[in-house]
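K.L.:
One structure coming up, written as structure tokens, with questions to follow.
Each value in this text was obtained by applying a stated rule to the coordinates, not by laboratory testing. These numbers were taken from a predicted model, which means no experiment stands behind them. Cβ atoms come from the backbone with ideal geometry, glycine included; neighbour counts cover every protein chain shown.
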Ligand SMILES: Cc1cc2nc3c(=O)[nH]c(=O)nc-3n(C[C@H](O)[C@H](O)[C@H](O)COP(=O)(O)OP(=O)(O)OC[C@H]3O[C@@H](n4cnc5c(N)ncnc54)[C@H](O)[C@@H]3O)c2cc1C
């Protein structure tokens, strides 16, 4: 039993943090940077740091590390608002390596080199959060029909990883080249403007067995992975917003003193710190569970982490805006980029209520088993 | 990072479990319970602590030379979990083990450690904490109880209040003023006081729960030998900060977490039994959400503790960050106690002894008791001040 990261993991985190601070500051968004162009420039730097190969097996040129090694990086990605097209691609390396390592060997090698972009196509209009309710289906004729929402960077993804029902009615995970006939992406107008999101239509797309990554098990793992990484990203956002607010209230003076001297402000900062600390505990545990736990514990851990991260982020980001007063409401102050991303991550990978229900069911199963 | 237990840790767990099964009375938690009378219960708990000691289960992570087991904090955590699983009684010497002993380990001299630590473990000597005074609660540093040097002794005069378990205690950790002429934080000293000393009077105070755990304690010309001063004269505030860091820290919180989780498990079980009209409470989606929220809150309390344990094992000393633990757990535990009153229907209002009570009145009792969580060990407002000023660095 050891609930801590090791020295290398902390050092790698620091390297990534410094690099993002220097090369990917939030000012770029504020100054009207185009998120797609910004992402393109960032991509090469992250590839140089070896980030895309982090979880790719060594045989395919990666570092062969796991989710715990990625955890602190995912947190930094959240804090720095790294586009979700990047996290999707890194998450995909874990899914492809776990469920389809040999079929996807070539893709994994490219991904490790930063030469393959992957996007997850999961959620649907009227589909809610439970994959059992998703409509995308492959018919008996081997043709996939469906439409997915909020797919990050879909128009330039080399590979789309999609959740769909197979001809036998089983939920499954498929990897399809973005250029395959019948797939078309259309840019969405989304709350989060730190990345580009697309709806993707699959219109009689021909799918073969070779495209299949796995069945329901792969789908469940993938959704848990995405939720865990969202929880880590939210922890990063919360932590960055806390730091930003604390720095601001130390500096801003009213009534002849720094506003951070007013107890009403101190106490709000303290509550934010407690919340961020706890959300981290949950998100780290979920990262470990993705790497090492049996399915039941993994699901339970991830849902706890996401439920807490959701509640924390809503609270902490709201407070951060409030503590900045009128400045907080300005485009210029740039808090709203984190505010937008926080809501995006909160709503997309399972609402608090959805995850709460899974937690309760998990706990009741544990209690029934004694 | 690894949440799995090593084979040695597993073996340890199996040993604890087997011992508990043999040591607890037959039918424990089902047909056999703790005495209902508060005083009988206190003595029952002291007996239980002695039994633990005889079984070699006291002071799991303490050095062997003070009578401990020399094991790790992880094993200490496993032990606490197994006690909770078996619904073993709580101890009463928490102040001895978690506060007096930890403070002596850091600031006591060797003679003091050898004299006091083994008897704390053996529950031969129960301890209380004489910090708060009627006019020095949150502003603890303004304590007025005085200790004046006189020959080989100090002579103590003054009053303490809210002294938990004083009526069962042989010893007291006392914060007293030894210099009036310096700023308030600089004139306090930390003493070990024999509660049998002439001049000590204890007057019980009744709590909102109807219990009598805490007391007023009066000191009138009480002689305390000079060897019972801990650390340097007038260094008591710094030493008391160590005491408070442990009082608010992960070890204390983990033991509590396990009790809270037990209570929540019981609530989930009752929500399946109790009908709210045509359906069980557990079938109400709003109630499910509320139960789940508390599950998440309490499990993450455990995760917070485990993260702190790992830091402590790495050698980090407890500091103001422990306020993050305490502020968090006190509120989520209160939330749970409030929630428990709102999900089981009208019968929740019936206390122990009533034929229609649920779970022997545990939930209404916890609801009353939980008010104390955000007051003792420093109120929430004080924890927030500490976090803001000493963790986040906001201006004083
Ligand atoms: C069940 C129980 C057991 C206890 N056991 C012990 C024990 O064994 N030994 C012991 O020494 N003490 C014990 N205490 C005492 C406890 O530590 C004090 O009650 C606590 O520190 C608060 O002090 P007070 O009661 O004087 O309240 P006050 O300090 O008078 O506080 C009243 C209110 O004012 C607020 N307040 C005070 N100062 C500030 C500030 N600077 N900023 C904002 N708000 C402020 C407080 O948060 C609180 O809400 C116990 C208390 C309880 C309830």
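K.L.:
Give me the angle, in degrees from 0 to 90, between the Cα long axis of helix A:295-323 and the longest principal axis of the Cα atoms of chain A, rounded to the nearest 10.
P.N.:
In chain A, helix A:295-323 runs at an angle near 40 degrees to the longest axis.
K.L.:
Which angle from 0 to 90°, rounded to the nearest 10, does the C-alpha axis of helix A:216-251 make with the longest principal axis of chain A?
P.N.:
20
K.L.:
Give me the distance in nm between label points sitting 7 Å out from Cα along the Cα-to-Cβ direction at residue B:10 and residue B:275, one decimal.
P.N.:
According to this spin-label approximation, the distance is 4.5 nm.
K.L.:
For the range A:119-214, how big is the tail of P(r) above 22 Å, as a whole percent of Cα pairs?
P.N.:
Summing the P(r) of the range A:119-214 above 22 Å gives 21 percent of all pairs.
K.L.:
Given an 8 Å cut-off on Cα distances and at least 6 residues of separation, report the relative contact order of the range B:7-92 as a percent.
P.N.:
In percent, rounded to a whole number, it is 35.
K.L.:
Using the alpha-carbon atoms, what tilt in degrees (0 to 90, nearest 10) does helix B:73-85 show relative to the longest principal axis of chain B?
P.N.:
50
K.L.:
Picking from A:310, A:126, A:277, which is most flexible by a Gaussian network model of chain A using Cα springs under 10 Å?
P.N.:
With Cα springs under 10 Å in chain A, the top fluctuation among A:310, A:126, A:277 is at A:126.
K.L.:
Pulled fully out, how much extra length does the chain show between residue B:207 and residue B:233, if you take 0.36 nm times their separation in residues and subtract their Cα-Cα distance?
P.N.:
Extra length from residue B:207 to residue B:233 when fully extended: 5.9 nm.
K.L.:
Could I ask something else about it? Simple spin-label model, 7 Å along Cα-to-Cβ: residue A:22 to residue A:47 in nm?
P.N.:
Here the answer is 2.0 nm between the modelled labels.
K.L.:
Nearest 5 percent is fine: what portion of the DSSP beta bridges confined to the range B:127-234 is antiparallel?
P.N.:
So the antiparallel bridges amount to about 85 percent of the total.
K.L.:
For an R0 of 35 angstrom, estimate the FRET efficiency from the Cβ-Cβ distance between residue B:371 and residue B:105 and round to the nearest 0.05.
P.N.:
0.65
K.L.:
Okay, next question. Give me the Kirkwood hydrodynamic radius of the range A:251-353, using the inverse of the mean 1/r over all pairs of distinct Cα atoms, in Å to one decimal.
P.N.:
15.3
K.L.:
Continuing with the same structure: Could you tell me how many cubic angstrom of Cα convex hull volume the range B:127-234 has per residue?
P.N.:
Residue-normalised Cα hull volume stands at 91 Å³.
K.L.:
Go ahead and set up a Gaussian network model of chain A, Cα springs under 10 Å, then flag whichever of A:325, A:61, A:182 fluctuates most.
P.N.:
Comparing A:325, A:61, A:182 in the GNM, the peak value goes to A:325.
K.L.:
Once you have a ≥ b ≥ c as the square roots of the Cα gyration tensor eigenvalues for the range A:1-123, tell me rounded if a/c is under 1.5, and otherwise prolate or oblate according to whether a/b is larger than b/c.
P.N.:
Oblate, since a/c reaches 1.5 and b/c is not below a/b.
K.L.:
Okay, moving on. Contact order normalised by length for chain A, with contacts defined as Cα pairs under 8 Å and 6 or more residues apart; what percent is it?
P.N.:
It comes to 16 percent, rounded to a whole number.
K.L.:
For the range A:64-186, taking Cα atoms only, what is the radius of gyration to one decimal and the Dmax to the nearest whole Å?
P.N.:
Spelled out, the Cα radius of gyration and Dmax of the range A:64-186 are 14.9, 45 Å.
K.L.:
Where does chain A land on Rg(C-alpha)/(2.2 N^0.38 Å)?
P.N.:
0.99
K.L.:
Given an 8 Å cut-off on Cα distances and at least 6 residues of separation, report the relative contact order of the range B:248-391 as a percent.
P.N.:
28
K.L.:
Same structure, new question: What shape does the range B:174-242 have by the C-alpha gyration tensor, where a ≥ b ≥ c are the square roots of the eigenvalues, rounded means a/c under 1.5, and otherwise prolate means a/b greater than b/c and oblate the rest?
P.N.:
prolate
K.L.:
Take the Cβ-Cβ distance between residue A:101 and residue A:180 as r, set R0 to 22 Å, and report the resulting FRET efficiency rounded to the nearest 0.05.
P.N.:
So, using R0 = 22 Å, E works out to roughly 0.50.
K.L.:
Moving to a separate point now. Starting from the alpha-carbon convex hull of the range B:248-391, give the projected area averaged over all orientations, in nm².
P.N.:
Over all viewing directions, the range B:248-391 projects a mean Cα-hull area of 9.1 nm².
K.L.:
Could you tell me how many cubic angstrom of Cα convex hull volume the range B:7-92 has per residue?
P.N.:
Normalising the Cα hull of the range B:7-92 by residue number yields 89 Å³.
K.L.:
Now for a different question. Which translational diffusion coefficient, to the nearest whole µm²/s, is obtained for chain B from the Stokes-Einstein equation, given a Kirkwood hydrodynamic radius over C-alpha pairs, 10 °C and 1.306 mPa s?
P.N.:
71
K.L.:
Computed over the Cα atoms, what is the radius of gyration of the protein assembly as shown divided by 2.2 N^0.38 Å, N being its residue count?
P.N.:
1.05
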